[in-house]
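The values are calculated or read from the model by the stated rules, or taken from the named source; none is laboratory data. Keep in mind it's a predicted model, so treat the numbers as computed, not measured. When we count neighbours, we look across all protein chains shown, and the Cβ atoms used for this are built from the backbone with ideal geometry, even at glycine.
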Amino acid sequence: MSAGFRRTRGRAKGAFVSLLELRDIEVEYLRAGHGGVRAVAGASLSVDAGQVVGLVGETGCGKSTVARAAVGLLTPTAGSIWFEGRELQPLSRRARSRRDARLQMVFQNPLSSLNPRRRVGDQIADAMTILGLVPAEQRRSRIADLLEQVGLSSDAANRFPHEYSGGQLQRISIARALAAEPSMIVLDEPLSSLDASAQAQVANLLRRLARELHVGLLLISHDLMIVRHIADVVSVMYLGLVVESAPTRQLWTLPLHPYTEGLIAAIPRADGTNGLPRELPGEVPDPAHPPAGCRFNPRCPYAVDRCRIEQPPLLEIADGRRVACWLQDAPGSERRPSEIRFGRGSAVQDAGS
Ligand code: SF4
């Protein structure tokens, strides 16, 4: 089977397939006086060792909530999360076990996740000390190794965070995560606060870490171009739901969901042209009041009556390809939504019937 996703239906309960698995998770926030908001209404994905999985979508689609749930910072209201074959338990105040610490997270803003008053080396050493991973006499050289792995001089160990640029701080955050000897790192918008040059450097670093250390990476980003560059597999979220997932090249060349098609078409091209549609019309609806039927229907150029009534399930329609759209309900005949809509024997008729 190709990289990334595994068929979930029919699997024995609890069977371990991937390093990290999210099985149809939902996360609901309570708002004072306003009831609950389902920030995540159904997300399934998996990450294998050495694989980079990108999770993309517009701001507010629920992808950062998925990231926090994936490391135990939030407890799903439904569904389950499995890490290294065991169901993930919510983080508590107790010290994390070595196994729990093998699942690490890197946050969007590296400056706020590092202590400005402590030297970089001391912060990297914390995981080694708490988890008892490296004998005290070897810690200094291990810290130097980690700093070099992320492209920094070993001198950085004696400096303070404020002495570094955003890109360098993100490298330090990654070195700190690596100090716990993780098998899996969840990165929440790790490049969004960096300039273009630092983004490229950290993106290359992430790819190298996955390949050389065989660490699984779940990369949360709103930037499809960055994810295209780094990820082996991409999942697309819209308004709390995963609506499409596929190996990156396939998703890029043949998007099957109208939302994915619109996201890709909206990226400016070097020659100044864009595909169809040029932009996604309308705003993302309020997650507290999602539309009936398919959540994308108010913005979808191909919506038919059925789309306003029934929510399409996320179906595996080809090896490693899953999509939730009434246009794509025939396995083995994947075509772009625009091709289906405007081509002969339009599947829109079938979808609407
Ligand atoms: Fe558009 Fe209907 Fe597909 Fe939803 S199910 S994406 S509204 S065509």
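Regarding the stretch 225-238, can at least one residue be identified that is more than 16 Å from the ligand (Cβ to nearest atom), of a type in the set (Asp, Glu), touching a Ser or Thr at 6+ places or on another chain (Cβ under 7 Å) and in the same structural domain as residue 174 (by TED's automatic domain parsing)? Yes, some residue in the stretch 225-238 is more than 16 Å from the ligand (Cβ to nearest atom), of a type in the set (Asp, Glu), touching a Ser or Thr at 6+ places or on another chain (Cβ under 7 Å) and in the same structural domain as residue 174 (by TED's automatic domain parsing). Can you name every residue in the stretch 285-317 that is under 21 Å from the mean Cα position of the chain (by Cα), hydrophobic (A, V, I, L, M, F, W, C) and surrounded by fewer than 18 Cβ atoms within 10 Å (Cβ to Cβ)? Result: 315, single match.
Restrict the check to the stretch 200-210 and report whether at least one residue is in a loop (DSSP other than H, G, I, E, B) and in contact with a strand residue (DSSP E or B) (Cβ under 8 Å, 6 or more places away or on another chain). No, the stretch 200-210 has no match at all.
Against the numbered list (1) assigned to a helix (DSSP H, G or I); (2) crowded, with 23+ Cβ neighbours inside 10 Å, residue 186 comes up short only at (1). When you look at residue 222, is it under 16 Å from residue 262 (Cα atoms) and either modelled with pLDDT under 95 or not aliphatic (A, V, I, L, M) (or both), yes or no? Considered against the rule, which asks whether it is under 16 Å from residue 262 (Cα atoms) and either modelled with pLDDT under 95 or not aliphatic (A, V, I, L, M) (or both), residue 222 comes out as yes. A Cβ distance below 9 Å, combined with a sequence gap of six or more or placement on separate chains, defines the contacts here; from the stretch 321-334, residues that are within 19 Å of residue 293 (Cα to Cα) and in a loop (DSSP other than H, G, I, E, B) reach residues that are among the acidic types (Asp, Glu) and away from the ligand (no atom under 13 Å from the Cβ) in the pairs 328/334. Does residue 175 meet the test of being assigned to a helix (DSSP H, G or I), hydrophobic (A, V, I, L, M, F, W, C) and surrounded by fewer than 20 Cβ atoms within 10 Å (Cβ to Cβ)? When the stated conditions are applied, residue 175 does not pass them. Taken over the stretch 106-151, the criterion of being touching a Lys or Arg at 6+ places or on another chain (Cβ under 7 Å), under 18 Å from residue 163 (Cα atoms) and not in a loop (DSSP other than H, G, I, E, B) is satisfied by 120, 123, 124. Residues of the stretch 283-307 that are within 8 Å of the ligand (Cβ to nearest atom) and outside any loop (DSSP other than H, G, I, E, B): 297, 306, 307. For the stretch 101-136, give me each residue that is surrounded by 15 or more Cβ atoms within 10 Å (Cβ to Cβ) and either in contact with a Pro (Cβ under 6 Å, 6 or more places away or on another chain) or among the polar types (S, T, N, Q) (or both). Those that are surrounded by 15 or more Cβ atoms within 10 Å (Cβ to Cβ) and either in contact with a Pro (Cβ under 6 Å, 6 or more places away or on another chain) or among the polar types (S, T, N, Q) (or both): 102, 104, 106, 108, 109, 113, 114, 123.
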